[in-house]
Each structure stands twice: as structure tokens, then as C-alpha cells.
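Colleague: Here it is, the structure, as C-alpha cells.
The values are calculated or read from the model by the stated rules, or taken from the named source; none is laboratory data. This is a predicted model, so every value here is computed, not measured. Virtual Cβ from ideal backbone geometry, glycine too; neighbours counted across all protein chains shown.
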Amino acid sequence: MQGVLQILNCRVLPTTSAIIQAARLIYEEVGNVLVLNVGSVSTDVYSVTLDTDNQKLNLKLEPVVQLTVEEDLGVFKNALALVKCIGENRIKEHHGQEWERLLKTRPETPEEIALSAELTAAAVTIALQRHIARFCKYNGTGKKVTSAKGWDLTQIRWIVGTGVALTQQPNGLEIMRESIKGMLDALFSKESIAMLLDKECIMESLGVLTTTFRQGAWQLLRESFGVEN
């Protein structure tokens with residue numbers, strides 16, 4: 001590793017740290033943000049929100065970063081674990097007894113794409129539910145969500161999808177929207193929220209540039225999200 005660093009002669013960040021940096025940049029520009037990184041091995045959820053406990057105490061507002069890594073929700077290499085979460089009988093019903101032969105890191109046929117899309121959608125839904133369950137609590141009716149420790153997820157402005165499993169889908173943005181739709185009323189404000197896809201899958205790459213080339217990184221992120229200046 002030391003040899004690699006000497007050759008590169010620059011800062012190197014692990015995937016989670018790089019995406020956190022990119023998520024912080026989004027937070028600084030638009031406000032509270034939630035990022036879903038749907039990958040081959042795991043699905044990671046990042047939320048960057050204001051520390052509302054500080055607000056109550058009239059202290060300086062600081063962003064709080066929360067990360068959950070779901071290693072049983074990988075779409076390709078860990079697909080068997082994800083299928084167990086979904087239910088193998090359901091997968092067999094939709095894709096046949098030999099569904100495993102359709103598992104490809106780069107799905108191409110309609111059948112391969114259909115299986116990948118179903119696994120990706122399930123990974124988004126389950127990972128987000130787990131992330132929220134760890135940091136929030138419900139009231140007695142089960143409809144409203146309040147912050148457990150001052151992290152207000154109800155004020156999320158952007159939900160951004162990234163990761164190879166999601167971004168390579170022909171309809172990745174629609175998959176993400178449909179997977180989250182059922183949670184909008186209870187968890188997020190539909191009026192102010194925007195759902196965006198990192199179409200070029202560059203959040204991880206740009207994270208390391210946020211401190212030295214901030215404006216350039218933000219410009220490239222907006223272009224990948226399809227957001228106009």
C-alpha cells in the first residue's frame with residue numbers, strides 16, 4: 001500500500017470515506033442529503049443532516065453523518081444472501097428455478113436485467129428501512145418519525161442513488177423512486193425532496209477532490225445527477 005501511495009503521490013480514500021466527502025459537499029450546497037450506494041457486495045446508506053440537538057441548545061449547527069453498511073444486500077457477489085432476505089420462492093416464481101444462471105455483474109439480456117432490477121430494488125428498500133430504523137423512532141401510531149438523537153431525516157432535501165448495481169440499470173432512477181415511494185408519506189417530505197441518480201457513478205471518485213477542487217467536483221456531480229446550473 002505504501003508503494004502505491006508513493007506512486008500516486010496524492011491522497012487516497014477508502015470507498016466509504018470518499019462517498020462521505022461527496023455527500024458532505026452535497027449537504028453544503030443543498031442541505032440534508034441521503035445517499036444510497038448499491039453495489040455488488042453490499043448496499044450502504046449515508047445520511048448527512050443537521051444536529052437538531054445542538055439547535056435545541058442554541059449551539060452551533062453541525063452536520064451529522066450516519067452510515068450503515070448492509071453486507072447481506074449485495075446484488076451480485078452477495079446475491080444469495082439478498083435472495084434469502086427477499087424469499088427464494090418469490091425469486092423462483094418471477095425468474096424460474098434456474099434463476100442463478102441469470103446472475104451477471106453486467107446483465108445484458110432482458111432476463112438478466114429483470115433479475116438484477118428486482119434484486120436492486122429490494123436492496124434499496126431493505127437498506128433504507130434498516131438505516132432509518134437504527135436512527136429514528138416511531139410514535140404510537142406508527143406513522144410519524146421523530147429523531148432519536150437529534151438526526152432529523154424528515155427534512156432530507158435530496159436522495160441520491162449511486163453504485164454499480166443501480167447506475168448500470170437502464171431505468172435505475174425509476175427503480176429507486178419506486179423502491180422508496182411507499183416510505184415517502186411516513187419518512188420524508190414529498191414537497192421538498194428530489195431523487196437523483198449518479199448516472200456516471202462518479203461520487204466515489206470525486207470524493208477525494210472535494211477539498212482541493214471543490215467547485216470542479218460539484219460541477220461534475222451536478223452533471224452526473226442531471227441537475228442544471
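Colleague: Take the stretch 190-220 and flag every residue that is in a loop (DSSP other than H, G, I, E, B) and basic (Lys, Arg). Even if it seems obvious, please write down each step before you answer.
Modeller: Keep residues of the stretch 190-220 that are in a loop (DSSP other than H, G, I, E, B), which gives 190-193, 198-202, 208-213.
Result: LYS190, LYS199.
Colleague: Hey, can you tell me all the residues within the stretch 49-70 that are modelled with pLDDT under 90, assigned to a strand (DSSP E or B) and hydroxyl-bearing (Ser, Thr, Tyr)?
Modeller: THR49
Colleague: Restricting attention to the stretch 1-19, and to residues there that are at pLDDT 80 or above and under 19 Å from GLY216 (Cβ atoms), which single residue is surrounded by the fewest Cβ atoms within 10 Å (Cβ to Cβ)?
Modeller: Going through the qualifying residues, I end up with ALA18.
Colleague: In the stretch 32-48, is there at least one residue being at pLDDT 75 or above and over 16 Å from the mean Cα position of the chain (by Cα)? If you could, list the steps in order and put the result at the bottom.
Modeller: Residues of the stretch 32-48 that are at pLDDT 75 or above, as a first pass: 32-48.
Keeping just the survivors that are over 16 Å from the mean Cα position of the chain (by Cα) gives none.
Within the stretch 32-48, none of the residues are at pLDDT 75 or above and over 16 Å from the mean Cα position of the chain (by Cα).
Colleague: Collect the residues in the stretch 71-87 that are over 15 Å from LYS104 (Cα atoms) and either in a helix (DSSP H, G or I) or under 19 Å from the mean Cα position of the chain (by Cα) (or both), keeping them in residue-number order. It would help to see each step written out before you state the result.
Modeller: Applying the first criterion (over 15 Å from LYS104 (Cα atoms)) to the stretch 71-87 yields 71-73, 81, 84-87.
Within the stretch 71-87, GLU71, ASP72, LEU73, ALA81, LYS84, CYS85, ILE86 qualify.
Colleague: Moving on to the next point. Could you check the stretch 87-122 and list, in sequence order, the residues that are of a type outside the set (A, V, I, L, M) and under 14 Å from LYS77 (Cα atoms)? Give the derivation first.
Modeller: Residues of the stretch 87-122 that are of a type outside the set (A, V, I, L, M), as a first pass: 87-90, 92-101, 104-112, 116, 118, 120.
Residues satisfying the conditions are GLU100, ARG101, LYS104, THR105, ARG106, PRO107, SER116, THR120.
Colleague: If I ask for residues that are charged (D, E, K, R), within 22 Å of ASN37 (Cα to Cα) and surrounded by 12 or more Cβ atoms within 10 Å (Cβ to Cβ), which ones from the stretch 68-112 would you list?
Modeller: Of the residues in the stretch 68-112, the ones charged (D, E, K, R) are 70-72, 77, 84, 88, 90, 92-93, 98, 100-101, 104, 106, 108, 111-112.
Now restrict to residues that are within 22 Å of ASN37 (Cα to Cα): 70-72, 77, 84, 104, 106, 108, 112.
Correct list: GLU70, ASP72, LYS77, LYS104, GLU112.
Let's see how each residue does on (1) under 22 Å from ARG177 (Cα atoms); (2) modelled with pLDDT under 95; (3) polar (S, T, N, Q); (4) within 23 Å of the chain's Cα centre (by Cα):
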residue	(1), (2), (3), (4)
ASN89	no, no, yes, no
LYS92	no, no, no, no
HIS95	no, no, no, no
LEU102	no, no, no, no
THR105	no, yes, yes, yes
ALA114	yes, no, no, yes
GLU118	yes, no, no, yes
